[in-house]
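The values are calculated or read from the model by the stated rules, or taken from the named source; none is laboratory data. No experiment lies behind these values; they were computed from the predicted model shown. Every residue, glycine among them, receives a Cβ derived from its backbone with ideal geometry; neighbour counts consider all protein chains shown.
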Amino acid sequence: MSTKPTRRSVLKGAAALGTTALAAPYVHAQEMVTLRLAGTGVNAYNEIAEKAMEDLGVMVEYTTLTSDDVVRRAVTQPTSFDLLDTEYWMLKKIIPTGNILGMDTTRIKYFDQIVPIFTKGELPDGTKIADQGTAPYEVSFLEKQGGEDFATETTQFMTAIPTVYNADTLGIRPDLINRPIESWAELLNPEFAGKASILNIPSIGIMDAAMVAESMGEVTYADKGNMTREEIDKTIALMIEAKKAGQFRAFWKDFNESVNLMASGEVVIQSMWSPAVTAVKSQGIPCVYQPLKEGYRAWAAGLTLPTHVSGRTLDAAYEFIDWYLSGWVGAFLNRQGYYTAVLSTAEEYMSPAEWSYWMEGGAATEPMLSPTGDVLAQPGDTRDGGSYWERMGGVACWNAVMDEDRYMVRKWNEFIAA
Amino acid sequence: MVMTATDLPSTEAAAAKPRRSPVGNAYAYLQALPMALIFGVFFLIPIALVVVVSFFDYQSFDILIPDFVTFNYTDVFSSEVTYRTYLQTLTFCLIVWAITLVLGFTIAHFLAFYITSLPLQIVCFLICTIPFWTSNVIRMVSWIPFLGRNGLVNQGLMGAGITDEPIEWLLYSEFAVILGYVHLYTLFMIVPIFNSMIRIDKSLIEAAKDQGATSWQILKNVVIPLSKPGIAIGSVFVLAIVMGDFITVTVLGGGQIASVAKTIQTELSYLQFPPAAANAVVLLGVSILMIFALLRIVDIRKEL
Amino acid sequence: MAKLPYRGLMIAIFIAFVLFLYTPIFTIIILSFQGPDGGLTFPMRGVSLHWFAELFGPQSIGDVWGAFYRSLSLGGLVMVFTVVLSLMAGLAYRRGFLGSTALLYVAIASLIMPSVVVSLGIGAGFELAGVQRHWSTSGLGAHLTWTLPFGLLIIFAVFNRFDPAFEEAARDQGATGWQTIRYVVLPIIAPSLIGIALFGFTLSYDELARSSQAIGAVNTLPIELQAMQTNATTPIIYALGTLTTGLSFLVIGITVGAAMLIRRQQQRQGSDAGKGV
């Protein structure tokens, strides 16, 4: 395995030249199928592609892009990929274009074992999960295959197979703050003037802003994920006031920017993603993914099939999805700090110590390794926020596309220009 | 007496060039065709799509509704944010243009007149180009450890006892954005000015000197007038790129400073194609007008 | 020529400018020697060659080397197209043709139009036409809409006040149009063409936004690097920067050294080769 990249590029080159009939002892020896998988770098691990080749004889060719470029390709160039890894809230915009084929759930082996967050809107123990914003189950099913309308209940056609999801909160530098942080309201606390940051992705940034505004008692929302114009006005006014007062050091957009802002000490409190906090910690810099009393803002991503996929590629796509849910990938992605769709199969591929640390909130009994083998936690450490149930159960709202999104984006641009 | 460039014999000869005609000959069309084709296929057709889309309707969950509506444009012009954003972008343009012009002219002058060996000139240009072979994505990341709170500059300043506290405005400020622009775009000024300067007949300068002109007078009456096309071309580059930039302004402005292209980018990331298209068309119109005015002052094709 | 004024000052300004250009590179070089636990920002956590080793080992996210070769190839193609097409257009402008003003303004428009918009237009256009995108087709076109305006305008500066007497003299002596260009025009403007080539390559090699939707399934280096920012990114990107800079200097150093050596030998042998025709 020491020559991975070389082998990969050789294979790619071979495929590009059309010489796909490589002599290899694969089950599908007739002709190798290439699946072009477009998505962000969040899940695009070469290890997954190699394992897929090993187990399935399917070549996964990643098109790794920023999330903006992913959704733009999804709506304007659906034939440029065979599988698309995208976020659930964007499905609200992507599905009506008619570019996405609903997946036939009868062809998906582990469909019944997908966590009910996606199929019923509840946690595995049956408690309802928050539905403010674009909750995944609201956009999980289609009336008919290739349809452009979401079904209100479970149907045979699923829009996306969840890859990863998580509950987001504020990341803090405990060494530079030196006191407990318990509420989203702290983001706008003048104590952190010039040392706070939020996401510069309007739809997510405004949700964070809403969490803050609500906890400050400035605004009450009927649904933070679907604000009225008046609610948007009030939220943006609050943010403009904070911006003018110099509350924010910078707004971040890429995962890596959030890591750099935090690690360099430019920012001491900001909304973050779980592996970003881990990345800061692994540089030996204290960073806590702080659970807050108002709860988490959650998101999910999933694999979708564009309508043009057919024949052997379609079969390979279904096979790949079954394989994706069969445990190895689930375990791999769980170790990153995100959660996977089918918990039972992932558990089989994780050691009891890993399962306890990542999923049950237990203290690590051995060093915890990342998917790529870096040490993420030492014995005795516990995961910030605790167990899966505590974290996903504490979700207050989901990333969303609002009905008033034209108005919201206009106001957001006003906020940036203020 | 000091000569001005317009009195000089060689320019008269150039102006009286016989071969240039408004209609040209078949060769000219053949020579211009490949470039015209590239722009036709890869720019005009896509931009035609953009113009069409700018008149489409859109809703939150129906991103393109074929129609003929003008509200995407009226929205642009009726919003106070538009004017504020343009003012911000134009301010950047003006400041960056002034700095890159002075700096670029000075360095082009140095490379054209002070360095007389061609290989050495090429080496100088290569040295100036090498930093750009490290991807901008990487360079942009590296501004934090350079200008940030704990960056090299602040460490240096504090180490030297010049300040006690880190200077915050070095990064994520208008200063940082301007610094970034100057860093990226001065070379775009140097190259055309340099190319104009090496066409200046050295004997003109000698002649002026023989007549007792001071260095300043030579610069003002010979070098600058004869470098005008290069200056104009460099200005077109800098104005055009700064007007359309969103990467530098986002990264070095910390996402807190608006620019026209950034507005477009935000709309696009939300799949709001029609308003983004309208905004792009307006931006194109405004910038073309600016450059049209500039090229009215200096005709870059006069002495081809 | 008589001594130029403020020589020292001018040299100082130039050196200061070069140092300014290299500021991010210095940071990149220092941080590329981060210890294995270090990140993309200060503080340094040890000093090591770890990230250089990692750069050559397998990566988890992204395909740096594949993207690097694609960027080099695309940059080379774009360079050739930019030089040739700009030179041809420049000659056409010297002759004059109907539509020359329109072409100029189209080129300028191409420079102004935000690259994301152009890219989206090209990508969507190819999709509508049912043509697959690839870096060597739609990608090449997208890059040319970015480099050609620069090439064209710089060629204007190059041909500015270019004395037609040279060409006329050649023609009087019976040279054909091609011979005039090949033996008279090209040698005079060759250094400027090298400049345009350098510009074309660099602009293409570093192009990001215009490629993003037009490049097809596999990425160029800047897009790949940017996509890598959507996951935990390590100082291997700095190691790549350090390596690129180091190699560039090495190549240029060798070239300059070889050129000087050849020249010295020629002078010793009294050869007049290489002085042009």
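When residue A:115 is tested against (1) within 14 Å of chain B (Cβ to nearest Cβ); (2) under 19 Å from the mean Cα position of the chain (by Cα); (3) more than 14 Å from residue A:39 (Cα to Cα); (4) of a type in the set (Val, Ile, Thr), just one condition goes unmet, and that condition is (1).
Exactly one residue out of A:282, A:264 is under 13 Å from residue C:41 (Cβ atoms) and among the hydroxyl-bearing types (Ser, Thr, Tyr), and it is A:264.
Matching residues to (1) of a type in the set (Asp, Glu); (2) in the same structural domain as residue A:138 (by TED's automatic domain parsing); (3) part of a helix (DSSP H, G or I); (4) touching a Gly at 6+ places or on another chain (Cβ under 7 Å):
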residue: A:366; (1), (2), (3), (4): yes, no, no, no
residue: A:371; (1), (2), (3), (4): no, no, no, no
residue: A:382; (1), (2), (3), (4): no, no, no, yes
residue: A:401; (1), (2), (3), (4): no, no, no, no
residue: A:409; (1), (2), (3), (4): no, no, yes, no
residue: A:413; (1), (2), (3), (4): no, no, yes, no
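Within region A:400-409, the set of residues being crowded, with 21+ Cβ neighbours inside 10 Å, touching a Phe, Trp or Tyr at 6+ places or on another chain (Cβ under 9 Å) and either more than 14 Å from chain B (Cβ to nearest Cβ) or not β-branched (Val, Ile, Thr) (or both) comprises A:400, A:405, A:408. For residue B:91, which of the numbered conditions (1) assigned to a helix (DSSP H, G or I); (2) away from chain C (no Cβ under 14 Å); (3) surrounded by 16 or more Cβ atoms within 10 Å (Cβ to Cβ) fails to hold? Only one criterion is unmet by residue B:91, namely (3). Just one of (1) in contact (Cβ under 8 Å) with a residue 24 or more places away in the chain; (2) more than 30 Å from residue C:57 (Cβ to Cβ); (3) within 11 Å of another protein chain (Cβ to nearest Cβ) fails for residue C:222. It is (2).
In region A:137-151, the count of residues that are touching a helix residue (DSSP H, G or I) at 6+ places or on another chain (Cβ under 7 Å) and on the phi > 0 side of the Ramachandran plot is zero. In the set (1) under 20 Å from residue A:320 (Cα atoms); (2) buried (at least 23 other Cβ atoms within 10 Å of the Cβ), the condition left unmet by residue A:135 is number (1).
The condition of being among the hydroxyl-bearing types (Ser, Thr, Tyr) and out of contact with any helix residue (DSSP H, G or I) (no Cβ under 6 Å at 6 or more places or on another chain) holds for residue C:136.
Checking the conditions here, which among B:223, B:282, B:242 is modelled with pLDDT of 90 or more, more than 9 Å from every other protein chain (Cβ to nearest Cβ) and within 25 Å of residue A:405 (Cα to Cα)? Only one candidate qualifies: B:282. Among the residues of region C:130-141, those that are under 17 Å from residue C:72 (Cβ atoms) and either surrounded by 24 or more Cβ atoms within 10 Å (Cβ to Cβ) or facing another protein chain (nearest Cβ under 7 Å) (or both) comprise C:135, C:139. Check whether at least one residue in region A:389-396 is free of Cβ contacts under 8 Å to residues at least 60 places away in the same chain, out of contact with any helix residue (DSSP H, G or I) (no Cβ under 7 Å at 6 or more places or on another chain), surrounded by fewer than 20 Cβ atoms within 10 Å (Cβ to Cβ) and among the hydrophobic types (A, V, I, L, M, F, W, C), and report yes or no. Within region A:389-396 (the criterion being free of Cβ contacts under 8 Å to residues at least 60 places away in the same chain, out of contact with any helix residue (DSSP H, G or I) (no Cβ under 7 Å at 6 or more places or on another chain), surrounded by fewer than 20 Cβ atoms within 10 Å (Cβ to Cβ) and among the hydrophobic types (A, V, I, L, M, F, W, C)), the answer is no, since none of the residues qualifies. Within the bounds of region A:232-243, is there any residue that is in the same structural domain as residue A:189 (by TED's automatic domain parsing), surrounded by fewer than 24 Cβ atoms within 10 Å (Cβ to Cβ) and part of a loop (DSSP other than H, G, I, E, B)? So far as region A:232-243 goes, no, none of its residues is in the same structural domain as residue A:189 (by TED's automatic domain parsing), surrounded by fewer than 24 Cβ atoms within 10 Å (Cβ to Cβ) and part of a loop (DSSP other than H, G, I, E, B). Only one entry of B:46, B:119 meets the criterion of being free of Cβ contacts under 8 Å to residues at least 60 places away in the same chain, in contact with a helix residue (DSSP H, G or I) (Cβ under 7 Å, 6 or more places away or on another chain), within 11 Å of another protein chain (Cβ to nearest Cβ) and surrounded by fewer than 16 Cβ atoms within 10 Å (Cβ to Cβ), and that entry is B:119. Looking across C:57, C:62, C:38, one residue alone is crowded, with 20+ Cβ neighbours inside 10 Å, in contact with a Pro (Cβ under 9 Å, 6 or more places away or on another chain) and farther than 30 Å from residue C:196 by Cβ. It is C:38. Within region C:72-91, is there a residue that is surrounded by fewer than 23 Cβ atoms within 10 Å (Cβ to Cβ) and either on the phi > 0 side of the Ramachandran plot or within 7 Å of another protein chain (Cβ to nearest Cβ) (or both)? Checking region C:72-91: at least one residue is surrounded by fewer than 23 Cβ atoms within 10 Å (Cβ to Cβ) and either on the phi > 0 side of the Ramachandran plot or within 7 Å of another protein chain (Cβ to nearest Cβ) (or both). Among the candidates A:157, A:141, A:81, the residue that is within 25 Å of residue A:224 (Cβ to Cβ) and touching a strand residue (DSSP E or B) at 6+ places or on another chain (Cβ under 7 Å) is uniquely A:141. Residues in region B:63-88 that are of a type in the set (Phe, Trp, Tyr) and assigned to a helix (DSSP H, G or I): B:71, B:73, B:77, B:83, B:86.
Determine, yes or no, whether residue C:18 is modelled with pLDDT of 90 or more and closer than 16 Å to residue C:144 by Cα. No: the conditions fail for residue C:18. Of the strands (runs of 3 or more DSSP E) that lie entirely inside region A:246-357, those containing 1 or more residues that are aromatic (Phe, Trp, Tyr) and farther than 26 Å from residue A:100 by Cα span A:288-290, A:296-306. Against the conditions (1) buried (at least 22 other Cβ atoms within 10 Å of the Cβ); (2) out of contact with any Lys or Arg (no Cβ under 9 Å at 6 or more places or on another chain); (3) at the interface with another protein chain (Cβ under 9 Å from one of its Cβ atoms); (4) farther than 16 Å from residue C:51 by Cβ, residue C:208 satisfies every one except (1). From the list A:134, A:86, A:106, the one residue that fits, being of a type in the set (Ser, Thr, Tyr), in contact (Cβ under 8 Å) with a residue 40 or more places away in the chain and part of a helix (DSSP H, G or I), is A:106.
Note on region A:182-216: among residues that are under 11 Å from residue A:247 (Cβ atoms) and within 14 Å of chain B (Cβ to nearest Cβ), the one that is nearest to the chain's Cα centre (by Cα) is A:198. The set of residues in region A:202-231 being out of contact with any strand residue (DSSP E or B) (no Cβ under 8 Å at 6 or more places or on another chain), buried (at least 22 other Cβ atoms within 10 Å of the Cβ) and not in a helix (DSSP H, G or I) consists of A:227 alone. When B:278, B:258, B:240 are checked against the criterion of being in contact (Cβ under 8 Å) with a residue 12 or more places away in the chain, outside any helix (DSSP H, G or I) and surrounded by 24 or more Cβ atoms within 10 Å (Cβ to Cβ), B:258 stands alone in meeting it. Being of a type outside the set (Val, Ile, Thr) and either under 29 Å from residue C:146 (Cα atoms) or within 14 Å of chain A (Cβ to nearest Cβ) (or both) is the requirement here; does residue C:257 meet it? Taking the combined requirement at face value, the residue does not satisfy it.
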